[in-house]
Amino acid sequence: MWDPATYLAFADHRARPFHDLLARVGAARPRRVVDVGCGPGNLTTALAERWPDAIVEALDSSPDMVAEARSRGIDASVDDARTWTPRRDTDVVVANAVLQWIPEHDEVLTRWASALPSGAWLAMQVPGNFADASHALTRDLAGTRRWRDTLGEARAFLQRGVLEPAGYAELLAGTGCAVDVWETTYLQRLHGDDPVLEWITGTALRPVRAALSDQDWAEFRAELAPMLRAAYPRGADGGTWLPFRRVFAVAVTP
């Protein structure tokens, strides 16, 4: 289950890639704008502010996230990004930090690009940190004898990755789209006790949490915490630096 409160604990850090992505979308007067994987809807509101004359809608697979988005006045619905298809009047699709959850998201992107009308904008961003210590250490721990059987499905997610920027460029250009692809590594300043553990608890550790009882979850966190503290040491001022790579792509349909 997604926990909106846990996810929003780092709302400022999670918002910056969204706004950097949106800044490269040049749609002037879109008819319909869709936020795929809207989460708690705190960023969807920016779409309505930018395009006040458009129909702005959102979807997420988590009922809890959709309920949170609706509480913000957003037209949000429970839906699966893997099967969702844009309407013919959809001029902007934004998929911010959601496609990494879908192993076949290359096929999803191709289908969306084919379904969108001419001149529509498709903007996506995914984390590119699957090789970083935060994920590598989690994979190592999940693969130990204590956890590997219990966390079989969660381990499968932890072993996934995303395409490199060139992969998304080739994929989207292959649909005939004009493509803009880039990557950015944000050096994020985190604070508090075990901040990197708290950060990934809201995202990458979600499948792990779902697979474990409360007691096992507490034990897994207790084992992982010192590993992450060693990989991401606290500075003299009490803060912790977390490098976080993101991969962006914006495409305009032919």
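The values are calculated or read from the model by the stated rules, or taken from the named source; none is laboratory data. The shown structure was predicted, so the numbers you read here are calculated from the model rather than taken from an experiment. In this analysis, Cβ positions are derived from the backbone assuming ideal geometry, glycine residues included, and neighbour counts consider all displayed protein chains. Quick note on the areas: whole protein, heavy atoms, side chains included, nothing else; ligands and nucleic acids left out. Shrake-Rupley method; radii C 1.70, N 1.55, O 1.52, S 1.80 Å.
Filter the range 209-221 for residues that are open to solvent by less than 40 Å² (accessible area, probe 1.4 Å) and either closer than 21 Å to ALA231 by Cβ or at pLDDT below 95 (or both) and give the result.
Across the range 209-221, the qualifying residues are TRP217, PHE220.
Any residue at all in the range 114-132 that is crowded, with 20+ Cβ neighbours inside 10 Å, in a helix (DSSP H, G or I) and out of contact with any His (no Cβ under 9 Å at 6 or more places or on another chain)?
For the range 114-132, residues crowded, with 20+ Cβ neighbours inside 10 Å, in a helix (DSSP H, G or I) and out of contact with any His (no Cβ under 9 Å at 6 or more places or on another chain): absent.
Which of the following residues is open to solvent by 40 Å² or more (accessible area, probe 1.4 Å), at pLDDT 95 or above, basic (Lys, Arg) and farther than 30 Å from ALA115 by Cα: ARG206, ARG245, ARG229?
ARG229
When you scan the range 185-204, do you find a residue that is touching a Gly at 6+ places or on another chain (Cβ under 6 Å) and either in a loop (DSSP other than H, G, I, E, B) or aromatic (Phe, Trp, Tyr) (or both), even just one?
Residues of the range 185-204 touching a Gly at 6+ places or on another chain (Cβ under 6 Å): 189, 191.
Pick out the ones that are also either in a loop (DSSP other than H, G, I, E, B) or aromatic (Phe, Trp, Tyr) (or both) and you get 191.
Taking every residue of the range 185-204 in turn, at least one turns out to be touching a Gly at 6+ places or on another chain (Cβ under 6 Å) and either in a loop (DSSP other than H, G, I, E, B) or aromatic (Phe, Trp, Tyr) (or both).
When ALA169 is evaluated against the numbered criteria (1) touching a residue at least 40 places away in the same chain (Cβ under 8 Å); (2) open to solvent by less than 10 Å² (accessible area, probe 1.4 Å); (3) assigned to a helix (DSSP H, G or I), which criterion, by number, is the only one it fails?
(2)
If I go through the range 65-74 residue by residue, how many of them are surrounded by fewer than 16 Cβ atoms within 10 Å (Cβ to Cβ) and out of contact with any Ser or Thr (no Cβ under 7 Å at 6 or more places or on another chain)?
So the answer is 4.
Taking the stated definitions as given, is THR44 out of contact with any Cys (no Cβ under 7 Å at 6 or more places or on another chain), in contact (Cβ under 8 Å) with a residue 12 or more places away in the chain and open to solvent by less than 20 Å² (accessible area, probe 1.4 Å)?
Details: out of contact with any Cys (no Cβ under 7 Å at 6 or more places or on another chain): no; in contact (Cβ under 8 Å) with a residue 12 or more places away in the chain: yes; open to solvent by less than 20 Å² (accessible area, probe 1.4 Å): yes.
Here the answer is no, as THR44 does not meet what is asked.
Determine which member of the set ALA154, ALA136, ALA142 is open to solvent by less than 10 Å² (accessible area, probe 1.4 Å), without any contact (Cβ under 8 Å) to a residue 60 or more places away in the chain and closer than 18 Å to ILE200 by Cα.
The unique qualifying residue is ALA154.
Give LEU197, LEU224, LEU163 a once-over and let me know the one that is surrounded by 15 or more Cβ atoms within 10 Å (Cβ to Cβ), closer than 26 Å to THR110 by Cα and out of contact with any strand residue (DSSP E or B) (no Cβ under 7 Å at 6 or more places or on another chain).
Answer to the check: LEU163.
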